[in-house]
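Asker: Right, I'll just put the structure down here and ask away after.
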Amino acid sequence: MAVVLAVDLAWADTAKDDVIDRLQNAAVVLQAIIDAPDKGIPAEVIQKAKCIAVIPHELRGIYFGAAQGKGVVTCHADGGWSAPAFFSITGGGFGSQNGLEGVDNVLMIMNQKGMERLLSNKFQIGSEASAIAGPVGYHAAAGVDWKIDTEFLTYSRYQCVFAGATLDGASVAPDHEAMQAFYGAHANSRQVLLGHVRAPAAAKPFLAAVAGAEQRAKQAKES
């Protein structure tokens, strides 16, 4: 029993370290958005987003023959941003990028319907959740029809360049192992993203990057 307990504790420590690495890598991606607003996600998109999700390239792998990434997401809650929840994304348009090293993906969830998708057990981008490649630039171009019913705007970052990306067919599901490693056995994505769970200290750099991106977007829109 002592050996089993030691193995379990070692696994828990490793799993939590991996999740913290994911948060730090996601913060780096968001910081790049802040540092290059004229080439990144438009201010209007960042301001309107209900949730922001990032899949850092460092955590991409192969899962039963399909590309899999592991991401982190936060949503607006109680006038700020919720503690982060963790998810996985597999196959579809995400898998088609597997040959590109160093690709980060960003999902901007634009309305309540899209947020409800995140709170569900699993969904597929394209067939169940409406998604289009997001506009890029200092401001969203006039005539780009993303404000009506689109649930997800999708982006990729490759060699410091952001661009709209198509992730149709990719499946998104909660990462239960990461949630357990970070929050404990009883945590779930719904409670976290609705703002009912306090963000641990390890989440602060990621949340600070999200808040910084939002603040820069406000300044850009006012200028």
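Asker: Scan segment 151-202 for residues that are within 13 Å of Pro84 (Cβ to Cβ), in a helix (DSSP H, G or I) and out of contact with any Pro (no Cβ under 9 Å at 6 or more places or on another chain) and report the count.
Answerer: The number of residues fulfilling the criteria is 6.
Asker: Against the conditions (1) crowded, with 18+ Cβ neighbours inside 10 Å; (2) at positive phi, where does Leu193 fall short? Just the number, please.
Answerer: So Leu193 meets the others, but not (2).
One line per residue, one yes/no per condition, for (1) modelled with pLDDT under 75; (2) touching an Asp or Glu at 6+ places or on another chain (Cβ under 8 Å); (3) not in a strand (DSSP E or B):
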position	(1), (2), (3)
Ala12	yes, no, yes
Asp18	no, no, yes
Val28	no, no, yes
Glu44	no, no, yes
Val54	no, yes, no
Thr74	no, no, no
Phe86	no, yes, no
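Asker: Here is a check on your reading of the model: is Ala208 under 25 Å from Asp78 (Cβ atoms) and either part of a helix (DSSP H, G or I) or among the basic types (Lys, Arg) (or both)?
Answerer: Yes; evaluated as a whole, the condition is true for this residue.
Asker: Out of everything in segment 98-110 that is out of contact with any helix residue (DSSP H, G or I) (no Cβ under 7 Å at 6 or more places or on another chain) and surrounded by fewer than 19 Cβ atoms within 10 Å (Cβ to Cβ), what residue ends up being modelled with the highest pLDDT?
Answerer: Glu101
Asker: Give the residue that is modelled with the lowest pLDDT, with candidates limited to residues of segment 30-42 that are surrounded by fewer than 21 Cβ atoms within 10 Å (Cβ to Cβ) and in a helix (DSSP H, G or I).
Answerer: Going through the qualifying residues, I end up with Pro37.
Asker: Among all residue pairs at least 6 apart or on different chains, which show Cβ distances below 9 Å where the first residue, located in segment 164-176, is on the phi > 0 side of the Ramachandran plot and the second is hydrophobic (A, V, I, L, M, F, W, C) and modelled with pLDDT under 80?
Answerer: From residues that are on the phi > 0 side of the Ramachandran plot, the pairs are Gly169/Phe94.
A quick yes/no check of all residues on (1) at pLDDT 85 or above; (2) surrounded by fewer than 19 Cβ atoms within 10 Å (Cβ to Cβ):
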{"site": "Ser127", "(1), (2)": "no, yes"}
{"site": "Ser130", "(1), (2)": "yes, yes"}
{"site": "Ala140", "(1), (2)": "no, no"}
{"site": "Gly143", "(1), (2)": "no, yes"}
{"site": "Asp149", "(1), (2)": "no, yes"}
{"site": "Ser156", "(1), (2)": "no, no"}
{"site": "Val161", "(1), (2)": "no, yes"}
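The values are calculated or read from the model by the stated rules, or taken from the named source; none is laboratory data. Not measured: the values here are computed from a predicted model. Positions of Cβ are backbone-derived with ideal geometry, glycine not excepted, and every protein chain shown enters the neighbour counts.
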